[in-house]
Structures are given as C-alpha cells and as structure tokens.
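The block underneath contains the structure these notes are about, expressed in structure tokens.
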Amino acid sequence: MPTYSFTNKRTNLYIFLSAVFLTNALVAEIIGVKIFSAETLLGTKPAQIHLFGDFVLDFNLTAGAVIWPFVFITSDIINEYFGKAGVRRISFLTAGFVAYSFLIIYAVTTLPPAQFWLDVNAKDAAGNPININNAFQMIFRQGLGIIIGSLTAFLIGQILDASVFQYLRKITGSRKIWLRATGSTLVSQLIDSFVVLGIAFYVFGNWSLTQVLAVGIINYLYKATTAVILTPLLYVAHFFIDRYLGKEHAEELANESAMSSFM
C-alpha cells in the first residue's frame, strides 16, 4: 500500500504538472494573436514555399506556438504517471478556464477608458499618435471563430494524444518513452493543426480550403520538428520525478496509470 508520504507526493506532482499545463495553455491562447516571422528570428531568407499552385507560404507562426510544445510535453508526462483520466481531467478544466478568460477579457475591453489613460498614452516611444484603447481591444480580443476553433482543436488533440500515447505504451511497455511521447504528439497535432484553422478561418472566416491546407502543413511541420527536438526534456522530467517519488514508487504509479487506461 502507498505510504501517506507517497500519497502526498503523488498529489503534489499532479497539482504541479497540472498548473504547468494550464498556465502554458492559457498564456499560449492569449498571446497567440501575434504572428511572428521564424525566418527573421533566425536571420534567414523567407522560405517562399509554393503549395497548391500559386499559393506561397513563409514560416509565419503565432506567438503561442513558442510555448505550445511545453503543453505537449507536460501532457505526455501527466499521461505517463496519471493515465488518460488524468489528461482528460486537466484538459477539460483548462478548456473551461480558457473560455472563462476570454469571456472576462471581452468584458474588460468594453469598459469605457479613463480620459487621463488615453492622454498619457496618446503617443508611442517614437512620438507617433496612437489610440491606446483601440490597441488594447485589438491585442486582447479574438474572434469567436478563433476561440471556438482553438478550444475544439485543443480538446480533440488532447484526447487523441492521450489515447495514442497509451496505445503505444501497451506495445512498448515502460521502454521507449521517446516513441510514445513523440508518436502521440505527431498524430494528435496533425489533427489539431487543421481543425483549428478549418473552424476559425474556413467555417467562420473567408479562407479557402487551399489556404487552410497550406497553412496547416506549415504549422504541423513546426510542431513535428519541435516535438522531436524537445524529446530529451521528457527524460529530464522523468529523472527528477523518479528522484522526487522514488524510483520504485514512480514505476508503480506509471504501471497503475497504464493498467487503468487499458481497462
């Protein structure tokens, strides 16, 4: 039977991982409105990839893409030690908090601005006139289609990721962490990359299917590459969790999560 100390550590571990997962997902959703150029960041020329005829794409990504990979990693760690139930629980909780955050942000952007706030922020650092209230609304507000698409893709991706992860664990056992973690991410993000764009910009927007496919491919290439590059972090996390729980208890918890997921 697990000791009281181990029970506490297990609970604290889940709370910590859930907090990391929720925080990164929430921040990624909020900052995702900014689009940045990966080529400019790396000091390279625009990719100018020709897809589907005359449609040309560069590696322009949302700012949220910078930290989304850490959401994937945290999800896989939660899955390893707490199973599909643990991932589903925090995924639905996170989706609820993200929806709540957007609701509060929308309400705040409708508040009438104080005149002195407009006056002291009437110019930018270069002396150019700006409307700070308009800028605030443009930055923090996101369209209904983007919110619905993002939340739908997030939940589908997380549920699929958890299922594929446990399926691969059934095949590999406790070995090959990299295979089940990377494999589940590659499958889930393939769906996620196109669902969010399809709902946000095809169903609710004015994009063509060609644009959705082209941008989705670029996004997926980034996510797939990042998932592979960050794989060593999984082993680092496992090392510290084994030290925190004790290797025997950590293996026991992982085996319990695997058994409960297969039942």
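Could you go through the stretch 162-175 and let me know if any residue there is without any contact (Cβ under 8 Å) to a residue 60 or more places away in the chain, hydroxyl-bearing (Ser, Thr, Tyr) and closer than 30 Å to residue 50 by Cβ.
no
Yes/no matrix, rows are residues, columns are (1) closer than 30 Å to residue 49 by Cα; (2) aromatic (Phe, Trp, Tyr); (3) part of a loop (DSSP other than H, G, I, E, B):
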{"position": "69", "(1), (2), (3)": "yes, no, no"}
{"position": "78", "(1), (2), (3)": "no, no, no"}
{"position": "97", "(1), (2), (3)": "no, yes, no"}
{"position": "160", "(1), (2), (3)": "yes, no, no"}
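Which of the residues belonging to the stretch 168-188 are farther than 18 Å from residue 235 by Cα and modelled with pLDDT under 85?
170, 171
Which residue is farthest from the chain's Cα centre (by Cα), if the candidates are limited to the stretch 182-218 and must be open to solvent by 50 Å² or more (accessible area, probe 1.4 Å) and under 19 Å from residue 142 (Cα atoms)?
206
Just checking, how many residues over the stretch 219-256 are exposed (fewer than 15 other Cβ atoms within 10 Å of the Cβ) and aliphatic (A, V, I, L, M)?
Number satisfying all stated conditions: 4.
Does any residue of the stretch 125-143 turn out to be assigned to a loop (DSSP other than H, G, I, E, B), in contact (Cβ under 8 Å) with a residue 24 or more places away in the chain and open to solvent by less than 50 Å² (accessible area, probe 1.4 Å)?
Within the stretch 125-143 (the criterion being assigned to a loop (DSSP other than H, G, I, E, B), in contact (Cβ under 8 Å) with a residue 24 or more places away in the chain and open to solvent by less than 50 Å² (accessible area, probe 1.4 Å)), the answer is yes, since at least one residue qualifies.
Restricting attention to the stretch 89-99, does a residue exist that is touching a helix residue (DSSP H, G or I) at 6+ places or on another chain (Cβ under 9 Å), farther than 30 Å from residue 9 by Cβ and either open to solvent by less than 50 Å² (accessible area, probe 1.4 Å) or modelled with pLDDT under 90 (or both)?
Within the stretch 89-99, one or more residues are touching a helix residue (DSSP H, G or I) at 6+ places or on another chain (Cβ under 9 Å), farther than 30 Å from residue 9 by Cβ and either open to solvent by less than 50 Å² (accessible area, probe 1.4 Å) or modelled with pLDDT under 90 (or both).
For the stretch 3-44, which positions are assigned to a helix (DSSP H, G or I), surrounded by 13 or more Cβ atoms within 10 Å (Cβ to Cβ) and aliphatic (A, V, I, L, M)?
The answer is 13, 17, 20, 22, 25, 26, 27, 28, 30, 31, 38.
Looking only at residues in the stretch 51-77 that are out of contact with any Leu (no Cβ under 8 Å at 6 or more places or on another chain) and at pLDDT below 80, which one is most open to solvent (accessible area, probe 1.4 Å)?
Here the residue is 54.
Quick one: in the stretch 167-181, of everything that is closer than 30 Å to residue 30 by Cα and more than 17 Å from the chain's Cα centre (by Cα), which residue is least open to solvent (accessible area, probe 1.4 Å)?
Filtering the stretch 167-181 for residues that are closer than 30 Å to residue 30 by Cα and more than 17 Å from the chain's Cα centre (by Cα), the one least open to solvent (accessible area, probe 1.4 Å) comes out as 180.
Does residue 108 qualify as being touching a helix residue (DSSP H, G or I) at 6+ places or on another chain (Cβ under 6 Å), among the hydrophobic types (A, V, I, L, M, F, W, C) and free of Cβ contacts under 8 Å to residues at least 40 places away in the same chain?
Here the answer is no, as residue 108 does not meet what is asked.
Of all residues being over 13 Å from the mean Cα position of the chain (by Cα) and within 16 Å of residue 77 (Cβ to Cβ) in the stretch 150-164, which is least open to solvent (accessible area, probe 1.4 Å)? Just the residue, please.
Checking each candidate, the answer is 162.
What are the residues in the stretch 192-224 that are in a helix (DSSP H, G or I), of a type in the set (A, V, I, L, M, F, W, C), free of Cβ contacts under 8 Å to residues at least 60 places away in the same chain and closer than 16 Å to residue 150 by Cβ, if any?
Correct list: 194, 195, 196, 197, 199, 200, 201, 203, 212.
The values are calculated or read from the model by the stated rules, or taken from the named source; none is laboratory data. Worth saying up front: this structure is predicted, and the values here are computed from it rather than measured. For neighbour counting, all protein chains shown are included, and Cβ atoms are generated from backbone atoms with ideal geometry for every residue, glycine included. Surface areas here come from the heavy atoms of the whole protein model, side chains and all, with no ligands, DNA or RNA. Shrake-Rupley method; radii C 1.70, N 1.55, O 1.52, S 1.80 Å.
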